[in-house]
1. Arranged from highest to lowest average of other beta-carbon atoms within 10 Å per residue, in what order do the peptides 65-71, 430-436, 97-103, 357-363 appear?
2. With every protein chain left in place, what is the accessible area per residue of the chain in square angstrom, probe 1.4 Å?
3. Skipping prolines and chain starts, which residues have an amide H placed within reach, meaning under 5 Å, of the one on ARG146, given they are 5 or more residues away or on another chain?
4. Mind checking the alpha-carbon convex hull of region 72-130 and giving the volume per residue in Å³?
5. What is the distance in Å between the Cα centres of region 262-299 and region 400-476?
6. If each DSSP helix of 4+ residues adds -39,500 (n - 2.57) and the sum is divided by the residues in the chain, what number results at 222 nm, nearest 500 deg cm²/dmol?
7. Give me the Debye-computed log₁₀ of I(q)/I(0) at q = 0.07 Å⁻¹ for the chain, equal point scatterers on Cα only, no solvent, two decimals.
8. Residues with beta-carbon under 15 Å from that of GLY250, excluding GLY250: net charge, scoring Lys, Arg +1 and Asp, Glu -1?
Amino acid sequence: MRKKTKSRQKSAPKKSAGKRATAKATKAAKATKKVVKLATRAKALAKSAKEAKSVKKPAAKKAVANGLPKPSAKPFGQAGKALEGIRVLDFTHVQSGPTCTQLLGYMGADVIKVERPGVGDITRTQLRDVKGADSLYFTMLNGNKRSITIDSKHPKGKEILERLIKHCDVLVENFAPGALDRMGLTWDYIHKTNPRMIVASVKGFGPGPYEDCKVYENVAQCAGGAASTTGFREGPPVVTGAQIGDSGTGLHLAFGIVCALNQRHRTGRGQKVLAAMQDGVLNLTRVKLRDQQRLKHGPLTEYSQYGEGVAFGKAVPRAGNDSGGGQPGWILKCKGWEEDPDAYIYFITQAPVWGAICDVIGRPEWKTDPDYATPPARLPRLKHIFDTIEQWTMTKTKFEVMEICNEVDIPVGPILSMKEIAEEPSLRETGTVVEVDHPTRGAYLTVGNPVKMSDSITEVKRSPLLGEHTDEILGKELRYSAKEIAEIKSSGAITAPEKGTRAEAA
Ligand code: COA
């Protein structure tokens, strides 16, 4: 993708003499108000300074430092990681929970993934591309973690888990409702064993009629309002490829955990954190709940169905590729669309750059034509406008359109294929797409930390093999002796049963 060459700074639009005078007067009035405000604030400050003199020194010191240590003298990026020292007992599987714990790992937490002996996370064998090696489904969601195998229903396994609960700060799980309790790991037990422990869960639904249901990605997309509002008006509801139910909820949970860790600094105790997938999806679809309420007051004029004269029903309709915001947009064909399914561009007719759009597409007369000059005038004509713009975009590649439009600040977005994203050098440079080496499957691409921090630099590490760190965690962390580890091994609590391991999943 080409870099934008033009500075984003723009000069203010020219005003008429009358408007200039009014603006001057308003500015002067504002300035007077500001002076009065400043004087009042200065008086208040002087008063509080007088009062402060009578306050004892330690309190003033505490207020200034806000309880924080002195700023580190180490260069940025060399003072450790954001979540360094936080230990996560990771009971997650499939996608939603692992997304959350991988993010915590990227931020520096020590993530200990507990897996069933001989089986592990079901995704290790799902959608396998390399025979005998962990699948990409697993490897791309479980980097920066250690793996220990424990049969959580075995008495010895329960004993190890108790030590781990005492040892860790956060337990994260996304089992089906009730599964954690059935293992004996109830909130009451965990809280009693380690009152500082934060217990974080992903579930399909929050409390209510569906709370006991098992939920996968697309169920959440449907129940959270995303599917009914995605797709074309004439077609059925559509689910999106972005995993807003799984990865989206994992992200919400990670946010909850970090907040609970912060609250624990004050209270000294852990708490339960719940992210329901229906809630997570709805949170990401909130603009459609906005539109549902707007419907009471008339048609949704920015939806292209308004311009097409199609009446609105009682619920928010599917809006195809309409922009969903106040600036109309649509996906348009570009040069080569006949052969390349991704030769398209998203084009936004942002009002402030309407003049530039008219010039670029060769319709300068639209700048002054009353049918096109203003946003309200354009709304009923959006289909014709986008058809006309498309006549122009079809003469250029999506990257040429991007370059020409960016020069004049028209917001556009090329439809990038996954192949193009995988090969994009700038994403490699920022660490958003990372190549990781793996002992059994060889190098693979993963998505690095999407959040970049100047003082907590992410180092992406490969996913662990099943039980790769069992001995290390039992010995070094949990202080079991070599003799005890040998006993644990022979008990069957951390090793696979001879028969009955799960068959390879599809
Ligand atoms: N040792 C012993 N048993 C273990 C174990 C271990 N280390 N790890 C898991 N198990 C057991 C559980 O205790 C459970 O047994 P039980 O039902 O007899 O009590 C069993 O494995 C299966 O767990 P479950 O969560 O029910 O898995 P599932 O494959 O049947 O269902 C989901 C998968 C995703 C549908 C379900 O976990 C779920 O709804 N999770 C919450 C929502 C969610 O996160 N969905 C998105 C997934 S990306």
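The values are calculated or read from the model by the stated rules, or taken from the named source; none is laboratory data. A quick note: this is a predicted structure, and the numbers were derived from the prediction, not measured. Neighbour counts are summed over all protein chains in view; Cβ atoms, including those assigned to glycine, are modelled from backbone coordinates with ideal geometry. Keep in mind that these areas ignore ligands, DNA and RNA; they rest on the heavy atoms of the full protein, side chains included. Shrake-Rupley method; radii C 1.70, N 1.55, O 1.52, S 1.80 Å.
1. Result, highest mean Cβ count within 10 Å first: 97-103, 357-363, 430-436, 65-71.
2. Here the per-residue accessible area is 57 Å².
3. Residues meeting the amide H criterion: VAL111, ILE112, LYS113.
4. 111
5. Cα centres, region 262-299 to region 400-476: 28 Å.
6. -11000 deg cm²/dmol
7. -0.58
8. -3
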